[in-house]
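Where a number appears in this text, it was derived from the coordinates with a stated rule and is not lab data. No experiment lies behind these values; they were computed from the predicted model shown. Quick reminder, even Gly has a Cβ in these numbers, built from the backbone with ideal geometry, and neighbours come from all protein chains shown.
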Amino acid sequence: MRRRRRFAMGALRTSAAAGAAAAVGLIVLPAVAQSPGGIAGVTAAGAEPQLVQEGFVFTEGPLGTTDGGLYFSDIRPNRIYRLEPNGKIALVREQSNGANGLALTRDGDLLAAEGDGKRISKRSRDGTLTTVTEGIAGKPFLAPNDLILDTKGGMYITDPGPRPVVPGRTAYVYYLPAGAKEPIVIDDQIARPNGLTLIRDGRTLIVDDTLGPAVYAYDVQPDGSVKNKRVFAQLRDIPEGKESGADGMALDREDRVYITTVAGVQVFDAAGKYLGTIKVARQPANAAFSGPDKRVLYITAREGLYRLDMLAQGPDRIGK
């Protein structure tokens, strides 16, 4: 308990090396065996995610910064942290209302999907907190989960609602035009929409479903609306009778899509072809590229934050 209290005060230190956790007296979990040949163009043979730090409760929302740092959230303790380029982990925000997915504006403001706050919030660089949107008048958010910005400043948002899942409850994918206060519904036919990303040219939106194996793609229109919904990919190795656990996503510079699932981080090419799975010691919830030249994939996985040196490179845009 004493060590956990020190952690809560933001006194942790980490490093780019796998030995960081051991340096502060924490136990490094055994690595999970990977495919010995790696994933072509993605991971080198024998590469394995390394523990950066544990002692969290439920890590989520990783978001790379232009200096190679990383924001991430710890949902249940209501905190947002920043992993500095020098390896220090700093507490950025407390009482974050169950903040999950994070995004950065061009001005450097930090956006958060607050599941408990039922809103999208903005933390300005001076620390000021404001509400961006609480949903549609008369139909507020259930529990927003993830978000991503387009090049116009518009925002795509998933709102699966809180756990436990209520049979028959409608969940939503929204688009909030730049400057608007109320989003528009772009899909209400996914059982539990969760992670999402935009292909680099902004013309395709990808959304997964925590309950099922299908991952969906949409053609993005000039006004931010979507059409031509279709199955982009089918997740692999989901135990029979179990949820897929499909959660947060990352994208690389070749438009490969990285989807966190119960089986690990599953990687698909731009056409939806399965390339392989990155195994993690704990079930992953989200992933993001950062580090020097965006060559590190950070993975949030329950009590831990992990990193994996990559052959692939993150996208040439702000955030994810």
(request) Choose one answer from GLY46, GLY55, GLY101: the residue with the largest mean-square fluctuation in a GNM of the chain with alpha-carbon springs under 10 Å. (result) GLY46
(message) Quick check: Cα centre of the range 130-192 to Cα centre of the range 236-265, how many Å?
(response) 21 Å
(message) So for each of 126-133, 308-315, 165-172 I average, over its residues, the number of other beta carbons within 10 Å; can you give me the resulting order with the highest mean first?
(response) 308-315, 165-172, 126-133
(message) From the helices alone, meaning DSSP H stretches of at least four residues, give me the mean residue ellipticity at 222 nm for the chain, per-run term -39500 (n - 2.57), in deg cm²/dmol to the nearest 500.
(response) -500 deg cm²/dmol
(message) So if I take the centroid of the Cα atoms in the range 211-225 and the same for the range 37-100, what is the distance between those two points in Å?
(response) 26 Å
(request) Return the single residue from GLY38, GLY304, GLY245 with maximal mean-square fluctuation; model: Gaussian network over the chain, springs between Cα atoms under 10 Å. (result) GLY38
(message) Less than 20 Å apart at the alpha-carbon level, and either on another chain or at least 8 residues along: which aspartates and glutamates does that give for LYS181?
(response) ASP107, ASP109, GLU114, ASP116, GLU134, ASP146, ASP150, ASP159, ASP223
(message) Could you tell me the calculated FRET efficiency between SER124 and ARG203, based on Cβ-Cβ distance and R0 = 35 angstrom, to the nearest 0.05?
(response) 0.70
(request) Please sort 194-203, 217-226 by packing, taking for each peptide the average over its residues of neighbouring beta carbons within 10 angstrom, highest first. (result) 194-203, 217-226
(request) Name the lysines eligible as straight-distance cross-link partners of LYS229: C-alpha to C-alpha under 18 Å, and not fewer than 8 places from it in the same chain. (result) LYS273
(message) Through the Karplus equation 6.51 cos²θ - 1.76 cosθ + 1.60, θ set to phi - 60°, convert the phi angles of the range 156-163 into ³J(HN,Hα) values in whole Hz; use x for Gly and Pro.
(response) 9, 9, 9, 9, x, x, x, 7
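Among the trypsin sites (Lys or Arg not before Pro) within the range 221-283, which fall in a DSSP loop and have no more than 13 other Cβ atoms within 10 Å of their own Cβ? Before the final figure, lay out the partial values.
On the way: sites: LYS227, LYS229, ARG230, ARG236, LYS242, ARG253, ARG256, LYS273, LYS279, ARG282; in loops: ARG236, LYS242, ARG253, ARG256, LYS273, LYS279, ARG282.
Those that pass, being in a loop and sparsely packed, are LYS242, LYS273.
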(message) Exceeding 29 Å between C-alpha atoms, which entries from my cross-link table qualify? They are LYS122/LYS152; LYS118/LYS227; LYS122/LYS242; LYS152/LYS279.
(response) LYS122/LYS242; LYS152/LYS279
(message) Running a GNM on the chain with Cα contacts under 10 Å, which residue among GLY135, GLY264, GLY37 ends up with the highest mean-square fluctuation?
(response) GLY37
(message) On a straight-distance basis, which lysines could pair with LYS294 in a cross-link, Cα separation under 17 angstrom, same-chain partners fewer than 8 positions away excluded?
(response) LYS320
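Do you know the relative contact order of the chain, to the nearest whole percent, from alpha carbon pairs under 8 angstrom that are 6+ apart?
Working: 880 pairs, mean separation 52.8, N = 320.
Once normalised by length, the contact order is 16 percent.
Work out how much length ASP188 to ALA40 would gain on full extension: take 0.36 nm times their residue separation and subtract the Cα-Cα distance, in nm to one decimal.
Working: separation 148, 0.36 × 148 = 53.28 nm, distance 3.61 nm.
The ASP188-ALA40 span can extend by a further 49.7 nm.
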